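Here is the structure we will look at, set down as structure tokens.
The values are calculated or read from the model by the stated rules, or taken from the named source; none is laboratory data. The model shown is predicted, which means the values in this text are computed figures rather than measured ones. Reconstructed Cβ throughout: ideal geometry from the backbone, glycine too, with neighbour counts over all protein chains shown. We work out accessible area using only protein heavy atoms, side chains counted, and drop any ligands, DNA or RNA first. Shrake-Rupley method; radii C 1.70, N 1.55, O 1.52, S 1.80 Å.
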Amino acid sequence: MKQEKVVYRFFQYVGEPLTARKELAFEDKLIAQFVLDELVFNWNKSHLEERINHAIDTNNHTDFKEYSEAYKQYVWED
């Protein structure tokens, strides 16, 4: 069986020079992170609520205890 050879050819770029993009502002990064954190928090909370409700509907005590312990972290107050 013959070995295949790979040949690379490089051509010099002839177009207009490319400029790098500016870095995002710190405030924009922080706001984006806060929005993502809030979305994930709300999704996790609603997902746990659905699982708790399903455990109640199916009368599954072990799942209810497990999910309610995890849910306490989303509703705690000082």
Once you mark the trypsin sites (Lys or Arg not before Pro) that are in a DSSP loop and have at most 10 other Cβ atoms within 10 Å, what is the longest gap between them in the chain?
23-78
Residues other than N60 with Cβ under 13 Å of its Cβ, Lys/Arg counted +1 and Asp/Glu -1, net out at -1
Summarise the long-distance tail of P(r) for the chain by giving the % of C-alpha pairs beyond 19 Å.
67
Write out the GluC sites (Glu not before Pro) in region 39-78 meeting two conditions: DSSP loop, and at most 10 other Cβ atoms within 10 Å of their Cβ.
E77
Ignoring ligands, DNA and RNA, what percent of the 1.4 Å accessible area of the chain is carbon and sulfur?
56
Check each of the chymotrypsin sites (Phe, Trp or Tyr not before Pro) in region 1-71 and keep only those in coil by DSSP with at most 14 other C-beta atoms within 10 angstrom; list them in order.
Y8, F10, F11, Y13
Please work out the average accessible area per residue across the chain, using the 1.4 Å probe convention, and give it in Å².
108
What dipole magnitude, in Debye to the nearest 20, does the chain give about its Cα centre under +1 on Lys/Arg Cβ and -1 on Asp/Glu Cβ?
860
